[in-house]
Amino acid sequence: MKGIRLLIAAVILASLLVPGVAGAAGVFDNLVLSPRARAMGGAFVALSDDETAVFTNPAALSMQDEIGFYSSYVDLYGYDFLTLGSGAVTVPTDHGTFAVGARYLATEYEGTELEKEYSVTVGHGIMLMEDVHSSLAVGYGLNLFGLSFPTESIGGTDLGSANTFGLDIGVIGTLRGRTRFGFFAKNINNPKLGDPDAKDLPQWFTAGVAYSPYGGVQTLLEVQKQTHEDIRAIFGLEMEINEYLTLRGGIQNQPNRVSFGVGTGWRMVRFDYSYTTHETLPGSHVYGLGITF
């Protein structure tokens with residue numbers, strides 16, 4: 001009986017996530033996994049000054065001059081059958097800064113894994129020019145996407161698995177120290193996932209500006225356009241209260257959501273938290289831990 005229930009749950013999941021054998025509807029969407037970025041509504045393309053730049057704008061990796069590690073866990077809508085997390089490592093070199101990032105999303109039913117999605121990204125950021133007033137950097141990210149349905153979870157029935165590759169590009173610059181601009185394009189090679197009925201993975205384009213009116217304060221304005229969706233506008237704010245506490249907030253439309261969060265740290269370690277509302281579902285909590293060496 002349990003095997004039948006598992007099979008029914010897996011078929012329903014497949015119909016929602018993977019038309020055909022393995023497709024991309026609702027999979028690998030623009031999910032913000034950084035609690036810092038998420039607290040500001042997701043507006044991060046023009047800032048991206050930490051390890052999570054490998055996901056949001058690889059050009060900003062060029063501004064990282066320390067070895068760093070960052071991991072996050074997303075309590076998505078409070079649903080315990082969803083496991084969503086990410087991790088990233090940055091390594092500066094004489095030829096720019098390299099990074100490796102990974103994210104993982106799994107769906108379980110009664111303790112049995114039904115579906116898992118993952119992506120592994122290798123990013124590289126290069127500084128093209130820099131002086132006392134301005135800078136310009138470019139970067140790229142190479143993504144391996146994977147989606148599978150473990151056959152042992154549904155009595156040996158094989159619903160399929162698939163892998164594909166995607167390419168990202170990014171640009172970031174500064175003007176007179178106070179203003180930063182950024183651009184990011186995801187999956188510009190239009191990758192497809194699935195066999196035999198291949199589906200396009202989501203593509204999106206993001207442009208934004210970050211302005212610091214005075215020390216310790218960042219205001220961010222960003223626009224995003226994902227394929228087959230309306231343009232999304234995001235406004236974010238980050239305010240450093242003291243060396244141990246930072247407050248953040250953000251709003252967005254398409255869909256309408258409000259976010260807020262805090263950040264704290266001591267020496268090499270920092271911790272971030274954010275909460276994001278949802279128009280119909282419960283809100284999501286995100287936790288992050290970073291270490292620099």
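The table below gives the values:
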{"quantity": "Every residue from region 72-107 that is crowded, with 17+ Cβ neighbours inside 10 Å and farther than 28 Å from Y140 by Cα", "calculated": "D75, L76, T107"}
{"quantity": "Given (1) in contact (Cβ under 8 Å) with a residue 60 or more places away in the chain; (2) over 11 Å from the mean Cα position of the chain (by Cα), index of the condition F55 fails", "calculated": "(2)"}
{"quantity": "Cβ pairs under 9 Å, 6+ apart, first in region 69-83 and of a type in the set (G, A, S), second exposed (fewer than 14 other Cβ atoms within 10 Å of the Cβ)", "calculated": "G78/L281; G78/P282"}
{"quantity": "Of all residues in region 202-260 being among the aromatic types (F, W, Y) and not in a strand (DSSP E or B), the one that is nearest to the chain's Cα centre (by Cα)", "calculated": "Y244"}
{"quantity": "Filtered residues of region 204-231 (kept if closer than 26 Å to L147 by Cα and in contact with a Pro (Cβ under 9 Å, 6 or more places away or on another chain))", "calculated": "Q226, T227, H228, E229"}
{"quantity": "Filtered residue count, region 193-229, keeping only those that are under 30 Å from F165 (Cβ atoms) and in contact (Cβ under 8 Å) with a residue 40 or more places away in the chain", "calculated": "17"}
{"quantity": "Count of region 170-183 residues which are touching a residue at least 40 places away in the same chain (Cβ under 8 Å) and either surrounded by 15 or more Cβ atoms within 10 Å (Cβ to Cβ) or among the charged types (D, E, K, R) (or both)", "calculated": "9"}
{"quantity": "Matching residues in region 134-192 - criterion: being modelled with pLDDT under 95, part of a strand (DSSP E or B) and basic (K, R)", "calculated": "K192"}
{"quantity": "Residue match in region 198-208 (condition: in contact with a Phe, Trp or Tyr (Cβ under 9 Å, 6 or more places away or on another chain) and over 21 Å from R103 (Cβ atoms))", "calculated": "yes"}
{"quantity": "Any pair with Cβ under 8 angstrom, 6 or more apart, that starts in region 21-40 at a residue that is modelled with pLDDT under 90 and ends at one that is surrounded by fewer than 23 Cβ atoms within 10 Å (Cβ to Cβ) and among the acidic types (D, E)", "calculated": "V21/D195; V21/D197; A22/D195; G23/D197; A24/D200; V27/E117; F28/E117"}
{"quantity": "Only one of Q218, Q203, Q224 that is closer than 13 Å to M40 by Cα, surrounded by 18 or more Cβ atoms within 10 Å (Cβ to Cβ) and among the polar types (S, T, N, Q)", "calculated": "Q218"}
{"quantity": "Lone unmet requirement of (1) assigned to a loop (DSSP other than H, G, I, E, B); (2) of a type outside the set (D, E, K, R); (3) crowded, with 20+ Cβ neighbours inside 10 Å for H278", "calculated": "(3)"}
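The values are calculated or read from the model by the stated rules, or taken from the named source; none is laboratory data. Note that the structure is a prediction, hence the values are computed from the model and not measured. All Cβ positions, glycine included, derive from the backbone under ideal geometry; neighbour counts span all protein chains shown.
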